[in-house]
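Nothing in this text is a laboratory measurement; each read-out follows from the coordinates by a stated rule. Model, not experiment: these values are computed from the prediction. Virtual Cβ from ideal backbone geometry, glycine too; neighbours counted across all protein chains shown.
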Amino acid sequence: MSSAAAILWLDLVASTAEARLLPRHDEAAQAMGALSRALVSDRAGPWQVRALVPQAARAGELVLMAGGFAREAAASQVDVARDLAGRGVRVAVMVHDLVRLRRPEWFAPSEQGRFQIWLDGMLAVAQLVLVPSEATGRDLAQYVAERGIAAKPIRRMPMGDTLLEVPAAGSSRLPHPFVLVPTPIDTRRNQDVLVEGWRRLALRAQSGHGAGHAAGKLPLLVLAGLFGEMSRDLALRLGRAGTWQIALHPAKDDAALAALYRDCAFVIIPSLHAGWGAHVTQSLACGKPVFAAKAAALPEAGGRLARYFDPLDPEDLARAVDRVLRDPPDLARWQAEIARDHRRRSWQEAARSWLAALA
């Protein structure tokens, strides 16, 4: 895409103060806030980036609707995009994932309907569709084919690695070693398989047949996600179990979560669906080994530096974790490999790639 005017209108420009108000469980919102700030701060690229004022955009200019589906505001998003396209303004839209359509059992029918109306409306007027991963791109291409919608260019765009900075000093105040699960507690995050896999490790440890050969040597599994109805149910289940070495941690702010990333032995991401894999890239950026579910965009995010398990098989997870608990030198080699080979991508670097790709 080229623009003689070289003006890029951006529909999401979150200030640092606004970013503090974004929910920590909404990785897409946080990511687009970080990206938009980087886009606006770039002065060397081919674009003059401005916060979107719909009535000010002119024919031939480009509007990047990077915020994705906005739930209650979805209809107005489509109206704005339709009006812009009708005036000759070029529209590019970001589609973070299609989870509401691919896993409808996780969402209310009303939200599924709003999302489909939003997606169809955006696809009708956008000249370019952007996605954060090849996995989302495949889902979108399949959806377009199923619906008989005119194909639009779909372009995978790079994302930054981190949603929070992890300082070198500080303490999580937890006994070492522990294993971190930083994802919110809900159905798509697959806590049932996670807990069952860890229960099996605890039973093996108690019987002397795995995971350090003693119950006291099985690391504590720390679930540091957003707490809700599912977390209360899980807390009751864990309270009845007593000896599974699993704890819920509130991680009330970024500093608390950063301390957990810094101090953990390794990370587990059991999610059944991810449009991008933010927790995987965050773990690698912190230098931490990460076990990720072999699902959606997670293998794409982790590449060869993460290790994977079948998200529907708790025994597969238990075996994978048990191997590194039995072999501390292997875990040390894995961590050294990440430190040597992982190349961090900042949001500034991602923004420059976006600006070059849109030019």
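In this rough spin-label picture, where each label sits 7 Å from Cα along the Cβ direction, the E165-A124 distance is 4.5 nm. Axis of helix 27-41 versus longest Cα principal axis of the chain: the two differ by about 50°, to the nearest ten degrees.
Net length available on complete extension from D330 to R155 is 59.2 nm, with 0.36 nm assigned per residue and the Cα-Cα distance removed.
A simple spin-label model places the labels of R50 and E134 3.9 nm from each other, with each point 7 Å out along Cα-to-Cβ. Residue separation of E349 and A70 scaled by 0.36 nm, minus their Cα-Cα distance, works out to 97.8 nm of gained length. Across the chain, the fraction of Cα-Cα pairs farther apart than 30 Å, rounded to a whole number, is 40%.
The simple Förster model, with R0 at 30 Å and r as the Cβ-Cβ distance, assigns S110 and A339 a FRET efficiency of 0.05. Placing a pseudo-label 7 Å from each Cα along the Cα-to-Cβ vector at I117 and A356 gives an inter-label distance of 4.1 nm. Per-residue Cβ neighbour counts within 10 Å put M157, M122 in the sequence M157, M122, beginning with the fewest.
Only helices enter this figure: runs of n ≥ 4 DSSP H residues, each worth -39500 (n - 2.57), summed and divided by the residues of the chain, yield -13500 deg cm²/dmol at 222 nm to the nearest 500. Relative to the dominant Cα principal axis of the chain, helix 254-263 is inclined by about 50°. About the centre of its Cα atoms, the chain shows a dipole size close to 460 debye [charges on the beta carbon of Lys, Arg (+1) and Asp, Glu (-1) only; nearest 20 debye].
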